[in-house]
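Structure, as structure tokens:
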Amino acid sequence: MEQEQFKKEILPLRDRLLSYARRLLGNRDDAEDVVQEVLLKLWSMRNDLERYDHVPALSLTITKHLSLNLLKKNEREYDALDENTEAGGLSPHSGLEQKDEAEQLLKIINRLPDLQQSILRMKHIDGLETNEIATLTGSAPEAVRMNLSRARKKVRDWLLDKGGYNGK
């Protein structure tokens, strides 16, 4: 599937997916992140989409699974935060080995959420512009910039901490 065909067939699903994700998550920002991730997954699957009888149903299924995964992840993080607060605020991720700087950077990028990883790679490795990424993901350039900023902040925080990725 070429980019133009993707724009015509897949991007019109965005509003429906966003509405569905918002109902599941109850949060517009999380729903926006999930929909961007769904569109990125569909983009990466674009050459295989012809195999599916009903791509809108596939996109809704992906949205449901990513939303449920996010809810579970948020619940685990909330539970861990409660446990850490009770235990004196110690970080559970404090034992990462010191390695070569490039190797450390790749590790931290691999620990980013899938959406942030994808956007960071599209921007800095593939050399795509923010507007191009927004077009491919079917989201606003501001949302792409926000996720790019979040990813960079996590990488920066980790590099400044030097103690390893602490999940901030």
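Quick look at the values:
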{"item": "Pairs with Cβ under 6 Å, 6+ apart, first in region 132-153 and among the hydroxyl-bearing types (Ser, Thr, Tyr), second buried (at least 19 other Cβ atoms within 10 Å of the Cβ)", "result": "Thr137/Gln36; Thr137/Leu39; Thr137/Leu40; Ser139/Gln36"}
{"item": "Options Leu24, Leu18, Leu49: the member that is touching a residue at least 12 places away in the same chain (Cβ under 8 Å) and closer than 18 Å to Gln3 by Cα", "result": "Leu49"}
{"item": "Region 135-153, subset modelled with pLDDT under 85 and assigned to a helix (DSSP H, G or I), residue nearest to the chain's Cα centre (by Cα)", "result": "Thr137"}
{"item": "Odd one out for Arg16, checked against (1) at pLDDT below 90; (2) under 22 Å from Val144 (Cα atoms); (3) of a type in the set (Lys, Arg)", "result": "(1)"}
{"item": "Hey, Ala21 over 16 Å from Ile119 (Cα atoms), in the same structural domain as Phe6 (by TED's automatic domain parsing) and surrounded by 12 or more Cβ atoms within 10 Å (Cβ to Cβ) or not", "result": "yes"}
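This table checks each residue for (1) in contact with a Gly (Cβ under 9 Å, 6 or more places away or on another chain); (2) at pLDDT below 75; (3) assigned by TED's automatic domain parsing to the domain that holds Ser19; (4) under 25 Å from Thr135 (Cα atoms).
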{"residue": "Glu50", "(1), (2), (3), (4)": "no, no, yes, yes"}
{"residue": "Asp53", "(1), (2), (3), (4)": "no, no, yes, yes"}
{"residue": "Pro56", "(1), (2), (3), (4)": "no, no, yes, yes"}
{"residue": "Leu68", "(1), (2), (3), (4)": "no, no, yes, no"}
{"residue": "Lys73", "(1), (2), (3), (4)": "no, no, yes, no"}
{"residue": "Glu77", "(1), (2), (3), (4)": "yes, yes, yes, no"}
{"residue": "Asp82", "(1), (2), (3), (4)": "no, yes, yes, no"}
{"residue": "Glu86", "(1), (2), (3), (4)": "no, yes, yes, no"}
{"residue": "Glu97", "(1), (2), (3), (4)": "yes, yes, no, no"}
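The values are calculated or read from the model by the stated rules, or taken from the named source; none is laboratory data. Computed from a predicted model, the values in this text were never measured in an experiment. Every residue, glycine among them, receives a Cβ derived from its backbone with ideal geometry; neighbour counts consider all protein chains shown.
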